[in-house]
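Peer 1: Sharing a structure with you now.
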Amino acid sequence: MIRKTRAKGTWLVATVLAVGSLFATALPAHAETGVSSSEIKLGITLPLTGAASPGYNKIGNAMNAYFKYVNDNGGVYGRKITLIQKNDEYSPQLSIAKTNELILKDKVFALVGPLGTANYTSVHKSVGIAKRGVPSLFLNTGFSGFANKKTYPTSFMVLPSYAMEAKIIAQHLKENHAGKKLGIVYQNDEFGIDGMGAFKAAGTKFDVSVAYTSGTQSAATAQTWVSQLAAGGAQVVVFFGVTSATAPLLAVAAAAKYAPQWILGSVGADPLTLRALGVPLAVLNGAQTPAGNPSPNDTSDEYVKQFQEINTKYNTGTAFDDYVLQGMNIGLMTVQGLRAAGSNPTRKKLISAMETKGSTFASVAYSPLGFSKTSNVGHTGYYMAVMDANGDRKPFGGKVTLYTTNSGSGPVVVSTFKRPAMPARGLPSNS
């Protein structure tokens, strides 16, 4: 009887161990939010509709197209990437609500490419991004404040800061437009104010300064801007705002036969989107702009060529422009970050991978990346470009002259940096 009971007990223990072993192998090796054995969930907030949506509404789909391409080629360590897009209409309050949905309801592993300076400022504070340890990669904003590693320890920029951009424009003004009357139109929030501070530090003085509130851009408000600029005799006008504000400014100025030398900030200078918004080619011809990437029409560039092929197959019917190029490139950089985090990724591992390996990532942009354990700065420079009679962007002076700087008092210098080659077939290998 005693032997029989022991035998029964032995059988029971063995059965429990076997079942436990089965469950252990069926479950993933870790239980990280947004990561399963077959999927990695990512999220983005951006204006899919609303006044600021032109151009910006393409970025998420372009990222997704690149992720679909990666998924069809094995994913990241066998996991498929799922991108969840939320429409915030460029409203900070909606950004807060939609980001909460992504983190609490959709349970994403990380935010990728969240767009808008005021939006992300509000989200970071209200949602508690840092406290929750949520990685926020490749912010679609150049606000230099996001480089503060203490305040934004889990957030990583991708664009050069607006302060860097303003310093490089200031250098361009000194070298090429000295003695001219200067005007500026800028978005009156962290975006524009960041640039204005850098212009002031660089010693650039504007004869006419016009501020506008985000969301108020229209033909009617542009009439006011143009009237002030023309009345002040501005011969060179810098514009620091979104594309949906650039378009009415240029259109109203053309109708009024006011034709200064336009210097359009990188955020609002995509020629294809401006033309779609009704800006004639003749108005764009000769406009100057700081640019970080090659022209989206430059098929001699290996990044552009590969991304165009992906866009044709996975983003059907979408014209390839700066916004699509930016979205694809963020997708490429995101996959490198995920691979660098290893086969069992956690949020902490992803943040560590960005800090230790992020500066080496392949990217379409010409300037170096500033990621390190003490820096979450993305790209660090621009070259000046000019639009031609076909609405294409060409290097100012006939060749790319890359200027790099920082968001502080560092000098603007000509850089000889050579970007990494595009990974074979646009697919990053293990980092």
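The values are calculated or read from the model by the stated rules, or taken from the named source; none is laboratory data. Predicted, not measured: the structure shown is a model, and the values here were computed from it. Cβ atoms come from the backbone with ideal geometry, glycine included; neighbour counts cover every protein chain shown. Ligands, DNA and RNA are stripped out before the accessible areas are found, and what is left, the full protein with its side chains, is counted by its heavy atoms. Shrake-Rupley method; radii C 1.70, N 1.55, O 1.52, S 1.80 Å.
Peer 1: Going through the range 191-206 one residue at a time, which ones are part of a loop (DSSP other than H, G, I, E, B) and either open to solvent by 50 Å² or more (accessible area, probe 1.4 Å) or in contact with an Asp or Glu (Cβ under 9 Å, 6 or more places away or on another chain) (or both)? Give the derivation first.
Peer 2: As a first pass, look at the range 191-206 and keep what is part of a loop (DSSP other than H, G, I, E, B): 202-206.
Correct list: Gly203, Lys205.
Peer 1: Where residues in the range 364-386 are touching a Phe, Trp or Tyr at 6+ places or on another chain (Cβ under 8 Å) and free of Cβ contacts under 8 Å to residues at least 60 places away in the same chain, which of them is farthest from Leu402 (Cα to Cα)?
Peer 2: Taking the range 364-386 as the starting set, the residues that turn out to be touching a Phe, Trp or Tyr at 6+ places or on another chain (Cβ under 8 Å) are 364, 366-369, 371, 376-378, 381-386.
When the remaining residues are screened for being free of Cβ contacts under 8 Å to residues at least 60 places away in the same chain, the result is 368-369.
Values: Pro368: 10, Leu369: 14 Å.
Among them, the one singled out is Leu369.
Peer 1: Across the range 373-398, which residue is farthest from the chain's Cα centre (by Cα) among those that are over 23 Å from Val414 (Cβ atoms) and surrounded by fewer than 23 Cβ atoms within 10 Å (Cβ to Cβ)? Working first, answer last.
Peer 2: In the first step, residues of the range 373-398 are kept if they are over 23 Å from Val414 (Cβ atoms); the result is 373-374, 376, 388-392.
Retained after the next criterion (residues that are surrounded by fewer than 23 Cβ atoms within 10 Å (Cβ to Cβ)): 373-374, 388-392.
Values: Lys373: 21, Thr374: 21, Asp388: 25, Ala389: 28, Asn390: 26, Gly391: 23, Asp392: 21 Å.
Here the residue is Ala389.
Peer 1: Take the conditions of a type in the set (Val, Ile, Thr), open to solvent by 50 Å² or more (accessible area, probe 1.4 Å) and within 18 Å of Lys98 (Cα to Cα) and apply them to Thr45. Does it pass?
Peer 2: Working: of a type in the set (Val, Ile, Thr): yes; open to solvent by 50 Å² or more (accessible area, probe 1.4 Å): no; within 18 Å of Lys98 (Cα to Cα): yes.
No, not satisfied.
Peer 1: Can you pull out every residue in the range 94-113 that is assigned to a loop (DSSP other than H, G, I, E, B) and open to solvent by less than 10 Å² (accessible area, probe 1.4 Å)?
Peer 2: So in the range 94-113, the residues assigned to a loop (DSSP other than H, G, I, E, B) come out as 106-109, 113.
Once the filter is applied, which keeps residues that are assigned to a loop (DSSP other than H, G, I, E, B) and open to solvent by less than 10 Å² (accessible area, probe 1.4 Å), the range 94-113 yields Val108, Phe109, Gly113.
Peer 1: Does Asn119 meet the test of being touching a Pro at 6+ places or on another chain (Cβ under 9 Å), crowded, with 24+ Cβ neighbours inside 10 Å and over 30 Å from Val413 (Cβ atoms)?
Peer 2: Values: touching a Pro at 6+ places or on another chain (Cβ under 9 Å): yes; crowded, with 24+ Cβ neighbours inside 10 Å: yes; over 30 Å from Val413 (Cβ atoms): yes.
Yes: the conditions hold for Asn119.
Peer 1: Okay, moving on. For the range 255-270, enumerate the residues that are assigned to a helix (DSSP H, G or I) and more than 16 Å from Ala245 (Cβ to Cβ). Reasoning before the result, please.
Peer 2: Start the filter on the range 255-270 by keeping residues that are assigned to a helix (DSSP H, G or I), which leaves 255, 266-268.
Answer for the range 255-270, where residues must be assigned to a helix (DSSP H, G or I) and more than 16 Å from Ala245 (Cβ to Cβ): just Ala255.
Peer 1: With the structure loaded, tell me whether Gln171 is assigned to a loop (DSSP other than H, G, I, E, B) and either β-branched (Val, Ile, Thr) or under 29 Å from the mean Cα position of the chain (by Cα) (or both) or whether it fails that test.
Peer 2: no
Peer 1: Among the residues of the range 285-320, what is the count of those that are buried (at least 16 other Cβ atoms within 10 Å of the Cβ), among the hydroxyl-bearing types (Ser, Thr, Tyr) and outside any loop (DSSP other than H, G, I, E, B)?
Peer 2: Qualifying residue count for the region: 3.
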